[in-house]
Amino acid sequence: LYGPAKNPWNLAHSPGGSSGGAAAVVASGILPIAGASDGGGSIRIPASFCGLIGLKPSRGTMPVGPHAWRGWQGAAIDFGLTISMRDTKALFAGLRSIHSGAPYQVSPAEWQEHPPKKRLKIAVCTESPIHTKISDEARQAVTNAVTFLAQEGHEIIEINYPLDGRALIQSYYQMNGAETASMIHSIESGVGRSVAQNELEPISWVLLEYGKKVSAANYIQSLHVWDHAAITMEELFQTVDLFLSPTTAFTAPEISTDLQSDEIRAKMAGINECNEQESLAIISEMFEESLKITPYTQLANLTGQPAISLPTHISEEGLPLGIQFMAARGREDLLFQIGEIFENHQKFYLPPSYQ
């Protein structure tokens with residue numbers, strides 16, 4: 001309605017998404033906190049692009065209500081974008097809750113007080129989960145963080161990416177298509193008619209058409225991929241406290257950047273003539289260029305583990321880029337601790353309004 005949301009650091013660049021408007025409001029100094037949601041990185045990506053703190057809590061910690069019990073099969077969760085660890089912790093403590101009928105829950109035992117660990121053990125990986133290029137800035141952001149943490153006495157272990165990122169993202173697309181189809185069918189029931197193609201953005205239309213074709217068997221199989229990933233990561237967190245990576249592989253793209261091509265758009269227009277596998281291939285092509293920018297965030301949504309983006313780096317061109325820490329389910333306390341370590345040592349690069 002009002003044109004693209006813009007990044008307050010440079011108005012030619014995107015603030016990210018999908019909570020990009022919330023990030024722009026906070027980064028511009030209008031408000032120091034704003035609600036946001038995260039189904040594949042939509043809190044952490046804008047946090048990385050806009051120099052903010054972006055926490056995605058553990059699955060089952062945030063209230064959802066009877067119309068969203070299984071939002072994206074637990075991948076999506078609401079929280080906020082902030083500029084201090086104080087506010088992040090206060091928002092988490094104020095919102096977290098358990099509803100006895102909710103399908104996803106974190107045991108209250110997970111919220112017990114944990115004494116801060118004097119020496120954290122942190123696994124580090126900068127390679128792309130999908131084996132694509134990572135910017136020098138993203139690598140430098142992690143390198144600087146590792147140097148600082150080692151100087152502070154924490155143990156750093158370099159690891160290979162622990163999962164097959166391509167298999168993970170395919171399972172994510174299967175969920176996204178099915179959930180989009182379900183959402184639009186619900187809209188159609190509400191308005192009493194079918195939704196026309198010209199009433200939806202092209203990406204939404206393509207997801208709808210693909211979602212209609214996703215078989216129940218393939219959908220269930222995609223959830224098995226999530227469960228395997230969750231176990232793999234929980235096993236990792238039996239040996240380390242945190243998993244560090246870039247939040248995004250690049251700084252915010254310019255708003256004018258075309259993340260698709262005429263060839264891909266032609267395929268999108270003809271998706272209604274394709275079978276399930278052909279449609280999935282079109283979905284993958286449709287998202288490929290944007291995925292290359294943001295390959296790290298989807299994992300925590302699929303596994304249900306908490307993750308936080310911290311604003312610790314500024315690029316040579318003056319744009320922020322975050323680093324991401326993940327922890328075991330229910331261990332937000334470790335994310336708060338690591339955030340406070342950086343904050344207390346003045347390692348955050350907040351937007352100019354807050355400097």
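The values are calculated or read from the model by the stated rules, or taken from the named source; none is laboratory data. Keep in mind the model is a prediction, meaning the values are calculated, not measured. Glycine gets a Cβ as well: all are built from the backbone with ideal geometry, and neighbour counts include every protein chain shown. Keep in mind that these areas ignore ligands, DNA and RNA; they rest on the heavy atoms of the full protein, side chains included. Shrake-Rupley method; radii C 1.70, N 1.55, O 1.52, S 1.80 Å.
Of everything listed in (1) among the polar types (S, T, N, Q); (2) more than 24 Å from the chain's Cα centre (by Cα); (3) surrounded by 15 or more Cβ atoms within 10 Å (Cβ to Cβ), the single unmet condition for Thr248 is (2). Return yes when Ala281 is hydrophobic (A, V, I, L, M, F, W, C) and in contact with a strand residue (DSSP E or B) (Cβ under 6 Å, 6 or more places away or on another chain) and no when it is not. So Ala281 fails the test. Look at the range 30-49: where a residue is free of Cβ contacts under 8 Å to residues at least 12 places away in the same chain and a partner is of a type in the set (A, V, I, L, M) and not in a loop (DSSP other than H, G, I, E, B), sitting 6+ places away or on another chain with Cβ atoms under 6 Å, you get Leu31/Val25.
Close contacts from the range 53-72, counting a first residue that is on the phi > 0 side of the Ramachandran plot and without any contact (Cβ under 8 Å) to a residue 40 or more places away in the chain and a second that is open to solvent by less than 30 Å² (accessible area, probe 1.4 Å) and in a helix (DSSP H, G or I), with Cβ to Cβ under 9 Å and a gap of 6+ residues or different chains, come to none at all. Scanning the range 44-79 for residues that are part of a helix (DSSP H, G or I) and open to solvent by 30 Å² or more (accessible area, probe 1.4 Å) yields Trp72, Gln73. Entry remark, the range 331-355: residues being touching a helix residue (DSSP H, G or I) at 6+ places or on another chain (Cβ under 6 Å), assigned to a helix (DSSP H, G or I) and not acidic (Asp, Glu) number 2 in total.
Listed by first and then second residue, the pairs linking a residue in the range 183-196 that is without any contact (Cβ under 8 Å) to a residue 60 or more places away in the chain to a residue that is open to solvent by 40 Å² or more (accessible area, probe 1.4 Å) and not hydroxyl-bearing (Ser, Thr, Tyr), with Cβ atoms under 6 Å apart and 6 or more places separating them unless they lie on different chains, are Ser194/Glu188; Val195/Glu188. Scanning the range 209-220 for residues that are in a helix (DSSP H, G or I), in contact (Cβ under 8 Å) with a residue 24 or more places away in the chain and over 22 Å from the mean Cα position of the chain (by Cα) returns Glu209, Tyr210, Lys212, Lys213, Asn218.
The residue that is farthest from the chain's Cα centre (by Cα), counting only those in the range 107-123 that are among the aliphatic types (A, V, I, L, M) and at pLDDT 90 or above, is Leu120. Looking only at the range 222-245, residues that are in contact with a helix residue (DSSP H, G or I) (Cβ under 8 Å, 6 or more places away or on another chain), farther than 19 Å from Leu334 by Cα and either open to solvent by 40 Å² or more (accessible area, probe 1.4 Å) or not hydroxyl-bearing (Ser, Thr, Tyr) (or both) come to 4 in all.
For the range 108-121, the condition of being over 18 Å from Leu310 (Cα atoms) and surrounded by 16 or more Cβ atoms within 10 Å (Cβ to Cβ) holds for at least one residue.
Conditions tested, residue by residue: (1) in contact (Cβ under 8 Å) with a residue 40 or more places away in the chain; (2) in a helix (DSSP H, G or I); (3) under 29 Å from Gly60 (Cα atoms).
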{"site": "Asp87", "(1), (2), (3)": "yes, yes, yes"}
{"site": "Lys118", "(1), (2), (3)": "no, no, yes"}
{"site": "Ala138", "(1), (2), (3)": "yes, yes, no"}
{"site": "Ala181", "(1), (2), (3)": "no, yes, yes"}
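What are the pairs with Cβ atoms under 8 angstrom where one residue, in the range 146-157, is farther than 16 Å from Asn344 by Cα and the other, located anywhere, is assigned to a helix (DSSP H, G or I) and open to solvent by 40 Å² or more (accessible area, probe 1.4 Å)? Sequence gap at least six, or different chains. Taking only residues 6 or more apart or on different chains, the pairs are Ile156/Ala150.
For residues in the range 1-26 being under 18 Å from the mean Cα position of the chain (by Cα) and surrounded by fewer than 21 Cβ atoms within 10 Å (Cβ to Cβ), which is farthest from Leu259 (Cα to Cα)? Result: Gly21.
Would the range 80-87 turn up any residue that is over 30 Å from Glu110 (Cα atoms) and surrounded by fewer than 19 Cβ atoms within 10 Å (Cβ to Cβ)? Checked against the condition, which is being over 30 Å from Glu110 (Cα atoms) and surrounded by fewer than 19 Cβ atoms within 10 Å (Cβ to Cβ), the range 80-87 yields no hits at all. Taken over the range 301-330, the criterion of being at pLDDT below 95 and either in a helix (DSSP H, G or I) or open to solvent by 30 Å² or more (accessible area, probe 1.4 Å) (or both) is satisfied by Arg329 alone.
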